[in-house]
Amino acid sequence: MTLISRRSALVGAGGLLLAGCDRITASPTVRKVLTLGEKATLSGQRLVTGNALAPEFTRADMSPKFRVNGNSMPGSADYAAHMANGFTDWKLEVGGLVARPLTMSLAQLRSAPQRTQITRHDCVEGWSAIGEWTGVPLALILRHAGISSQAQYIVFHCADDFSGTPYYESIDMSEARHPQTILAHTMNRQPLSVAHGAPIRLRVERQLGYKHAKYVMKIEAVSSLNGIYGGKGGYWEDHSGYQWYAGI
Ligand SMILES: Nc1nc2c(c(=O)[nH]1)N[C@H]1C(S)=C(S)[C@@H](COP(=O)(O)O)O[C@H]1N2
Ligand SMILES: [Mo]
């Protein structure tokens, strides 16, 4: 069974479960949401999974080879300069709807509280790989910056592009606060390689591969995705009709 068909089977199960639950479907607001295709997927999966963790694995399960997909090296002169000095002068920017916009160096990110997780990465193109990731929980960074209650989404701005159009991604606050949502600087106990997204990449373990933004330069808290690049919340969402909520 391909990933896609397995995924729609899961979504189907969620929908059935909702349809069978009178108290939930009796609510007019929920019924309205359920008529909106993609949002039905989101609310269905959230009701089924709640704040559940994505499965975690052991070192014995790890894939001997983890494929590289999409861009494998940003083309900008700025990125090349950071790469040349091992990202020592590089800083992550945190801005938008936060009380204290800030920057964090790689050293600061490495000395913050960390989480390590061994998870399976599922690419929409039909391959998967199990790897070990270490990084800072996004929730900690957002709290540190004083995230506003107006914030609805976190946007990840990346260093790379496809024919001049920047790669970016976004998640909602529930996903942003999830314990497995981390900004990873270490993969399989080695500093994250350029091909896999150095200096840091997002891990958002309950969603498909394209949500896991590599080469994250800036994170921005926003109240709406309107007016951000193409407005659909991600490079592939804007250009190929991929779903914004890519729950596995
Ligand atoms: N910045 C950026 N992030 C990206 C991509 C990309 O091209 N650029 N490709 C996405 C896709 S489709 C997948 S499957 C994963 C691949 O990550 P990997 O190269 O570490 O396997 O990164 C995702 N994040
Ligand atoms: Mo992917």
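What follows is calculated from the coordinates using simple rules that are stated; it is not laboratory data. As the structure is a prediction and not an experimental result, all values here were calculated from the model.
Details
- Pairs spanning more than 24 Å between alpha-carbon atoms, out of 91/214; 65/214; 65/218; 65/211: 65/218.
- Sequence-distant aspartates and glutamates (8 or more away, or on other chains) whose Cα lies within less than 14 Å of residue 232: 38, 169, 172
- Residues with amide H under 5 Å from that of residue 147, placed H, sequence gap 5 or more: 99
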